Amino acid sequence: MARYLIGMTGASGSAYGVDFLRRCPGEKFLVLSDWARQVLHTETGLKPSDLDAHAKRTFADTDLSAPFSSGSNRYDAFVVIPCSVSTLAKIAVGIADTLITRAAQVALKERMRMVLCVRETPLSTIALENCLKLSREGVVIMPISPPWYAGPESLDDLVAGFTGKVLALLGERTGRGWRQEELE
Ligand SMILES: Cc1cc2nc3c(=O)[nH]c(=O)nc-3n(C[C@H](O)[C@H](O)[C@H](O)COP(=O)(O)O)c2cc1C
C-alpha cells in the first residue's frame, strides 16, 4: 500500500485538499498549517477534525518532532495541496520552522517525491523563481488549474478534475484519459 504525506496550507482552494485527501487511496498522514485551518473553515465550513477520518493520523504543524521530520520515515510522495506562495518560498530557501516546511526539506535532501499544488494568481517573479528552483530539484510544481476538457458540470467536477490529475501523477489512476476509447 502506498504511503502519502499530505500538507494543506493557507492558500485558497481548501476544497482541492479535502477532495484529494478523500479520494487518495493508501496510507495517508495529514498536516494542516495554522492558516490552512482558518481558510478551510472560511471556504468549506469544515473543521480540521472533520478531516481526521480520512487520514491514518493528523500531525500538528508545530510538531517538529513528528516522524516525518526525519528522513528515516519514508513515503511515496509528499503532496502539498493547496500550497501557498509563502510555504513555496520557505521550501525554496530551506526554512524548516514548521512540520510542513521541515518535511519538505527532508524530502529534498532524501530525494523523495514532492508535489506542490501552488495556488496564487498572478504569480510574482519571486514565486516563479521559487517554482523554477524547486522544479530543477525534481519537485513537481502543479499549479491548481483544473482542466475543462472533461466537460465539468459542477464545482465538484471541476475540483475532481484537478485532484484526478494529481492522483494520476502519483500512479493512482482515476477517471478516463482524453480520447481514451481510441486506445481500447
Ligand atoms: C481567505 C484567504 C485566502 C488566501 N489565499 C491565498 C492564496 O490563494 N495563495 C497564497 O499563497 N496565499 C493565500 N492566502 C495567504 C496565506 O494564508 C498566508 O500567506 C499564510 O501566511 C500562509 O501560511 P502557510 O503557508 O503556513 O499556510 C490567503 C489567506 C486567506 C485568509
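Tabulated values for the structure
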quantity: The chain: calculated mean residue ellipticity at 222 nm from DSSP helix runs of at least 4, using -39500 (n - 2.57); calculated: -11500 deg cm²/dmol
quantity: Over segment 1-70: Kirkwood hydrodynamic radius from C-alpha pairwise inverse distances, Å; calculated: 12.2 Å
quantity: Max mean-square fluctuation residue, GNM over the chain, Cα-Cα springs under 10 Å, options Ile95, Ile126, Ile81; calculated: Ile126
quantity: Alpha-carbon radius of gyration plus Dmax, which is the widest Cα pair, for segment 10-116 in Å; calculated: 12.9, 37
quantity: Prolate/oblate/rounded call for the chain, Cα gyration tensor, a/c under 1.5 rounded; calculated: rounded
quantity: Ranked Cys131, Cys83, Cys117, criterion: other C-beta atoms within 10 Å, fewest first; calculated: Cys131, Cys117, Cys83
quantity: Highest-MSF residue in the chain out of Gly151, Gly164, Gly17 [GNM, Cα springs under 10 Å]; calculated: Gly151
quantity: Reachable lysines from Lys109, criterion Cα separation under 21 angstrom, eight or more residues apart if same chain; calculated: Lys90, Lys133
quantity: GNM flexibility winner over the chain from Lys90, Lys109, Lys165 (Cα, springs under 10 Å); calculated: Lys109
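Read-outs: derived from the displayed coordinates by stated rules, not from any lab. Quick caveat: nothing in here was measured; it's all calculated off a predicted structure. No Cβ is skipped: glycine too gets one built from the backbone with ideal geometry, and neighbour counts run over all protein chains shown.
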